[in-house]
There are 2 protein chains.
Amino acid sequence: MANLNLPDPAAKPRIVVVGGGFAGLNFVNRIDSHRYQVVLLDRHNYHTFAPLLYQVATAGLEAPDICGPLRKTFRGKPDFHFRMLQVHDVDPVARRVHTGAGPIDYDHLVLATGTRANFFGNTNIATHAFPLKTVPDARRLRNQIFQTLERADLTDDPAERQRLMTFLIVGGGPSGVEVAGALSELRRHVLTHDYPDTPMDQLRFVLVEGEEELLSTFSDRSSREAYRNLEEMDVELRFQTLMTDYDGRTATFRDGSTLECSTVIWGAGVTGEIIEGLSGESLERARYRIDNHLRVAGYENVYALGDVALLTNDEWPRGHPGVAQVAIQMGRRLAENLNNIARGRPTKAFRYVDKGNLAIIGRNRAVADLPRNLHFSGVPAWFVWAFVHIFYLIGFRNRLFTFLSWVGNYLTYNRAVRLVLEPTLDEELREEGVDAGNRPGLRGPATGR
Amino acid sequence: MANLNLPDPAAKPRIVVVGGGFAGLNFVNRIDSHRYQVVLLDRHNYHTFAPLLYQVATAGLEAPDICGPLRKTFRGKPDFHFRMLQVHDVDPVARRVHTGAGPIDYDHLVLATGTRANFFGNTNIATHAFPLKTVPDARRLRNQIFQTLERADLTDDPAERQRLMTFLIVGGGPSGVEVAGALSELRRHVLTHDYPDTPMDQLRFVLVEGEEELLSTFSDRSSREAYRNLEEMDVELRFQTLMTDYDGRTATFRDGSTLECSTVIWGAGVTGEIIEGLSGESLERARYRIDNHLRVAGYENVYALGDVALLTNDEWPRGHPGVAQVAIQMGRRLAENLNNIARGRPTKAFRYVDKGNLAIIGRNRAVADLPRNLHFSGVPAWFVWAFVHIFYLIGFRNRLFTFLSWVGNYLTYNRAVRLVLEPTLDEELREEGVDAGNRPGLRGPATGR
């Protein structure tokens, strides 16, 4: 029976992989598709190089620079099939996933769906905050930044202008730190020149973190470096501070204090993208529990990889960190194991090799923790970061070209900058017939329509 | 009185320019802002290099490649102020425009708002067709193309797949011809490799034109060349054919015939973007009537330039063509006239110097009509086109860099291709809670949720 235009796998087992992120990508890259039919499903037709989302959000890179088209990446891989769609649920008894376009039967199911932003049930925050998990997220945030600055430039009311020019970053992990640093550089290198009528020193970037330090998963030395760097870059830091609400204008914190701001960037929590249908026993804290052969608890032929998987052991009692290296290594290990099974060879348990942590804070500021307590900061860390990222690219045909492109764009700030390419509010409002200027507070003392 | 954060022009007259396209851009570039305060308004904060929109739509270039950020372009121009907003109407008695963010008083008003797609009152077509006038248009069309191909690749029903793979282009002017040629090349260079399960020879590109020939504003020789080229590129051409309706699935033509297609690309009519408030006498066929000093009929200090202006004379009894050269030359002439007025010197009447017509049909196919009956086609025309376009860029700081970037991207097809970066339907539907696969016809024989 034809379904989703997939060819009959004939005698080969079919592996369905859900998710083309680091885990799924590396799994597909390494699985032997002479032995298995491989079907990759993703709601996007590209792989997102997530570590650089913050660059797209702050106009340092363009979205296509960090997207690897999945069809092109695996062009030539035999019996490999990509379908762009969403998976709604899985029927593990029938061995079938149900998708937006119909069902697909599987022999092996690999769940590599990653995580999405977690707003802890606060619908206000979910509505108004800007997460940074996908390329559309990054673009929305970039448009928000520049659209807000355009609004500030035509606002006569000083209090409203200050609110527009106040940006709040929630979360002092790598994501928040990198965004804050990039915003500071944007101010310094670009914005101060483009708005002669609005002093950019009024721009405030405020980062709040619930713990006592930045980069709490990094070494103490890196945490201190990050703190020093952001302070020097005029980012305001508040520790042991939790945001409890945001209505689009005012952020409220646990201690009762408030902050008038235009934009809240959310880097403070994620939750697994769970596909329904497996038993509740297999889930814990919105992640699939897996064993060290990456099998989902209670199932023979269902596996989970990467951020959505929860593998605990003595070294990682709360599960492995949600970082690219874990996803990459899990993807590879599972593929090798399945290849070995097909060849009648033994499999190996997964063991994560921690290659360190990296965070970029500015054009010549970064912190890196490497194995054996090596530590880099400053410009050397930037290069370490660049090479490491390039090294782990798959199928970006011309790694050198990509690297040069990144470096060129990153250093020159020439492109993609400033463009409000999808003025969401104006366009939406215009289509609804509403005056884009009717938002309270945007009107100066003069009357208009 | 402060308004929109604009400084008091003091003793200088204030010129308000509405529209940062070719006409507005060239006007601002040439006007002496020591003599006048210059305020430029545009709903986007960038200038769109419209001749290359079709490249963005067919994934040959990326949107930022054809956008010139208006703030950066005029950085350093004294007493120049940009505001991103929409103008709603003008009060010529009070000498004031009303915008989305408040009113602005002017001494001189320059209307350079261009045109938008004209669907001749057919709301079905307006809803379902894809125009190509702005960067968001180009992106929407590109997403539509690739999203549709993804859908085709998972469709089991052959009739539905064929409908999805049928694209209709309405209009045989430069816009339609260029899009059709670019789509054909996309098929040949990219698509045939990316969809192993779906034969790309099923892709149909159908172009319909109401007249008897393509490029009716070009020479007969160019019209024939264009015809020959598109035929060779497997574009189906139908002449003396008018589309009268399109409901998203079926296009209907005047002769009663129909065509099942997924996408209608609209290159068949434009209408002026009129700002209300001037007398009805000043308008004709949705354009502002102007004299040869570019003044709107009946007004002293209101001018119109470019596509939205209607200047008739013996040579152009139905008005000047809506091409970039007219807009550029009008913008320059008006600026020079106003500069001369400020210096007490005489002004000159506008006289359009027709520098010819160019249309690119493929990577090594183009037609060009130049003055004195010169005619190019093929690869030389491509280079003529590239140089002419570069020559007329303003403020794209590094023209050489831009040119190399275009050439590089154009020739390698490496970037932006294939990425459904804003899967509008999926995302919208997901947010509404609707199953993205519930659209009729997209489901195969198997059931799903």
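If B:Q86 meets every condition in (1) surrounded by fewer than 22 Cβ atoms within 10 Å (Cβ to Cβ); (2) modelled with pLDDT of 95 or more apart from one, which number is that one?
Going through the list (1) surrounded by fewer than 22 Cβ atoms within 10 Å (Cβ to Cβ); (2) modelled with pLDDT of 95 or more, B:Q86 breaks only (2).
Scan the range A:262-274 for residues that are buried (at least 20 other Cβ atoms within 10 Å of the Cβ) and in a loop (DSSP other than H, G, I, E, B) and jot them down.
A:S262, A:G267, A:A268, A:E273
Mind telling me which of the residues B:A359, B:A381, B:A342 ends up being at pLDDT 75 or above and either out of contact with any Lys or Arg (no Cβ under 7 Å at 6 or more places or on another chain) or within 14 Å of another protein chain (Cβ to nearest Cβ) (or both)? Let's see the steps before the verdict.
Numbers: B:A381 fails: at pLDDT 75 or above; B:A342 fails: either out of contact with any Lys or Arg (no Cβ under 7 Å at 6 or more places or on another chain) or within 14 Å of another protein chain (Cβ to nearest Cβ) (or both).
Result: B:A359 is the single residue among B:A359, B:A381, B:A342 that is at pLDDT 75 or above and either out of contact with any Lys or Arg (no Cβ under 7 Å at 6 or more places or on another chain) or within 14 Å of another protein chain (Cβ to nearest Cβ) (or both).
I need the full set of residues from the range A:142-186 which are assigned to a loop (DSSP other than H, G, I, E, B) and polar (S, T, N, Q), in order please.
Start the filter on the range A:142-186 by keeping residues that are assigned to a loop (DSSP other than H, G, I, E, B), which leaves A:154-157, A:165, A:171-173.
Hit for the range A:142-186 is A:T155, nothing else.
Identify the residue in the range A:187-216 that is within 14 Å of another protein chain (Cβ to nearest Cβ) and in contact (Cβ under 8 Å) with a residue 40 or more places away in the chain and, among all such residues, is most open to solvent (accessible area, probe 1.4 Å). I'd like the intermediate steps shown before the answer.
Keep residues of the range A:187-216 that are within 14 Å of another protein chain (Cβ to nearest Cβ), which gives A:189-200, A:202.
Imposing the further condition that a residue be in contact (Cβ under 8 Å) with a residue 40 or more places away in the chain reduces the set to A:189-191, A:194-195, A:197-198, A:202.
Working: A:H189: 75, A:V190: 3, A:L191: 4, A:D194: 5, A:Y195: 9, A:D197: 35, A:T198: 5, A:Q202: 53 Å².
Across the range A:187-216, the extreme among qualifying residues is A:H189.
Here is a list of conditions, (1) assigned by TED's automatic domain parsing to the domain that holds B:V296; (2) without any contact (Cβ under 8 Å) to a residue 12 or more places away in the chain, and B:P136 meets all of them except one; can you say which number that is?
(1)
Which is away from chain A (no Cβ under 14 Å), in contact (Cβ under 8 Å) with a residue 60 or more places away in the chain, touching a helix residue (DSSP H, G or I) at 6+ places or on another chain (Cβ under 8 Å) and within 26 Å of B:R254 (Cα to Cα), of B:A129, B:A182, B:A226?
Values: B:A129 fails: touching a helix residue (DSSP H, G or I) at 6+ places or on another chain (Cβ under 8 Å); B:A182 fails: within 26 Å of B:R254 (Cα to Cα).
Only one candidate qualifies: B:A226.
Any idea how many residues of the range A:91-100 are open to solvent by less than 10 Å² (accessible area, probe 1.4 Å) and touching a residue at least 40 places away in the same chain (Cβ under 8 Å)? Walk me through how you get there before you give the answer.
Residues of the range A:91-100 open to solvent by less than 10 Å² (accessible area, probe 1.4 Å): A:97, A:99-100.
Among the residues that remain, those that are also touching a residue at least 40 places away in the same chain (Cβ under 8 Å) are: A:97, A:99.
Here the count works out to 2.
Can you name every one of the helices (runs of 4 or more DSSP H) wholly within the range A:1-82 that holds 2 or more residues which are without any contact (Cβ under 8 Å) to a residue 24 or more places away in the chain and under 28 Å from A:L358 (Cα atoms)? Give the steps one after another, and end with the answer.
Details: elements: A:22-30, A:53-57, A:70-73.
Once the helices (runs of 4 or more DSSP H) in the range A:1-82 are filtered for at least 2 residues that are without any contact (Cβ under 8 Å) to a residue 24 or more places away in the chain and under 28 Å from A:L358 (Cα atoms), nothing remains.
Within the range A:1-26, how many residues are touching a Leu at 6+ places or on another chain (Cβ under 6 Å), closer than 22 Å to A:T134 by Cα and either outside the structural domain of A:A324 (by TED's automatic domain parsing) or not aliphatic (A, V, I, L, M) (or both)? Break it down into steps so the answer makes sense when it comes.
Within the range A:1-26, the first condition is being touching a Leu at 6+ places or on another chain (Cβ under 6 Å), and the residues that meet it are A:4-5, A:16-18, A:20, A:23.
Checking the rest, the ones that are also closer than 22 Å to A:T134 by Cα come to A:17-18, A:20, A:23.
Checking which are either outside the structural domain of A:A324 (by TED's automatic domain parsing) or not aliphatic (A, V, I, L, M) (or both) leaves us with A:20.
Qualifying residue count, the range A:1-26: 1.
Residues that are out of contact with any Ser or Thr (no Cβ under 6 Å at 6 or more places or on another chain), within 12 Å of chain B (Cβ to nearest Cβ), among the hydrophobic types (A, V, I, L, M, F, W, C) and more than 19 Å from A:G171 (Cβ to Cβ): does the range A:137-146 have at least one?
Yes: the range A:137-146 contains one or more residues that are out of contact with any Ser or Thr (no Cβ under 6 Å at 6 or more places or on another chain), within 12 Å of chain B (Cβ to nearest Cβ), among the hydrophobic types (A, V, I, L, M, F, W, C) and more than 19 Å from A:G171 (Cβ to Cβ).
Please state which of the following conditions A:A117 fails to meet, knowing it meets all the rest: (1) within 12 Å of chain B (Cβ to nearest Cβ); (2) surrounded by fewer than 22 Cβ atoms within 10 Å (Cβ to Cβ); (3) among the aliphatic types (A, V, I, L, M).
Failing condition for A:A117: (1).
Would you be able to tell me the number of residues in the range B:27-36 that are surrounded by 23 or more Cβ atoms within 10 Å (Cβ to Cβ) and not aliphatic (A, V, I, L, M)? Please lay out each step first, then the result.
First pass over the range B:27-36, keeping only residues surrounded by 23 or more Cβ atoms within 10 Å (Cβ to Cβ): B:27-28, B:31.
Next, only the ones that are not aliphatic (A, V, I, L, M) stay: B:27.
Qualifying residue count for the region: 1.
Here is a check on your reading of the model: is A:R161 within 14 Å of chain B (Cβ to nearest Cβ) and modelled with pLDDT of 95 or more?
Values: within 14 Å of chain B (Cβ to nearest Cβ): yes; modelled with pLDDT of 95 or more: yes.
For A:R161, the condition - within 14 Å of chain B (Cβ to nearest Cβ) and modelled with pLDDT of 95 or more - is met.
Between B:N45, B:N3, B:N29, which is at the interface with another protein chain (Cβ under 8 Å from one of its Cβ atoms) and over 17 Å from the mean Cα position of the chain (by Cα)? Break it down stepwise before answering.
Working: B:N45 fails: over 17 Å from the mean Cα position of the chain (by Cα); B:N29 fails: at the interface with another protein chain (Cβ under 8 Å from one of its Cβ atoms).
Residue meeting the stated conditions: B:N3.
Determine whether A:V110 is under 16 Å from A:D42 (Cβ atoms) and in contact with a Cys (Cβ under 7 Å, 6 or more places away or on another chain). Explain how you work it out, then say what you get.
Numbers: under 16 Å from A:D42 (Cβ atoms): yes; in contact with a Cys (Cβ under 7 Å, 6 or more places away or on another chain): no.
Criteria not met by A:V110.
Among B:A327, B:A226, which is the only one that is in the same structural domain as B:E150 (by TED's automatic domain parsing) and part of a helix (DSSP H, G or I)?
On the way: B:A327 fails: in the same structural domain as B:E150 (by TED's automatic domain parsing).
Within the list B:A327, B:A226, the selection yields B:A226.
Report yes if B:T166 is away from chain A (no Cβ under 14 Å) and in contact with a Ser or Thr (Cβ under 6 Å, 6 or more places away or on another chain), otherwise no. Can you show your working first?
Values: away from chain A (no Cβ under 14 Å): yes; in contact with a Ser or Thr (Cβ under 6 Å, 6 or more places away or on another chain): no.
Here the answer is no, as B:T166 does not meet what is asked.
Going by the conditions given, is B:K72 facing chain A (nearest Cβ under 9 Å) and either buried (at least 20 other Cβ atoms within 10 Å of the Cβ) or not β-branched (V, I, T) (or both)?
Numbers: facing chain A (nearest Cβ under 9 Å): yes; either buried (at least 20 other Cβ atoms within 10 Å of the Cβ) or not β-branched (V, I, T) (or both): yes.
So B:K72 passes the test.
Identify all residues within the range A:275-313 that are part of a loop (DSSP other than H, G, I, E, B), more than 18 Å from A:M330 (Cα to Cα) and out of contact with any Ser or Thr (no Cβ under 6 Å at 6 or more places or on another chain); write none if there are none.
A:I275, A:G277, A:S279, A:R285
Yes or no: B:N292 over 30 Å from B:L214 (Cβ atoms) and surrounded by fewer than 15 Cβ atoms within 10 Å (Cβ to Cβ)? It would help to see each step written out before you state the result.
Numbers: over 30 Å from B:L214 (Cβ atoms): yes; surrounded by fewer than 15 Cβ atoms within 10 Å (Cβ to Cβ): yes.
The answer is yes for B:N292.
Select from the range B:149-161 the residues that are touching a helix residue (DSSP H, G or I) at 6+ places or on another chain (Cβ under 6 Å) and open to solvent by 10 Å² or more (accessible area, probe 1.4 Å) and list them in ascending order. Steps first, answer last, please.
Applying the first criterion (touching a helix residue (DSSP H, G or I) at 6+ places or on another chain (Cβ under 6 Å)) to the range B:149-161 yields B:151-152, B:155, B:161.
The answer is B:R151, B:R161.
Please count how many residues of the range A:187-208 are under 17 Å from B:T73 (Cβ atoms) and part of a loop (DSSP other than H, G, I, E, B).
Count: 3.
The values are calculated or read from the model by the stated rules, or taken from the named source; none is laboratory data. Since the model is a prediction, treat every value here as computed from it, not as a measurement. Positions of Cβ are generated from backbone atoms using ideal geometry, with glycine treated the same way; all protein chains shown enter the neighbour counts. Heavy atoms of the whole protein, side chains included, go into the accessibility calculation; ligands, DNA and RNA do not. Shrake-Rupley method; radii C 1.70, N 1.55, O 1.52, S 1.80 Å.
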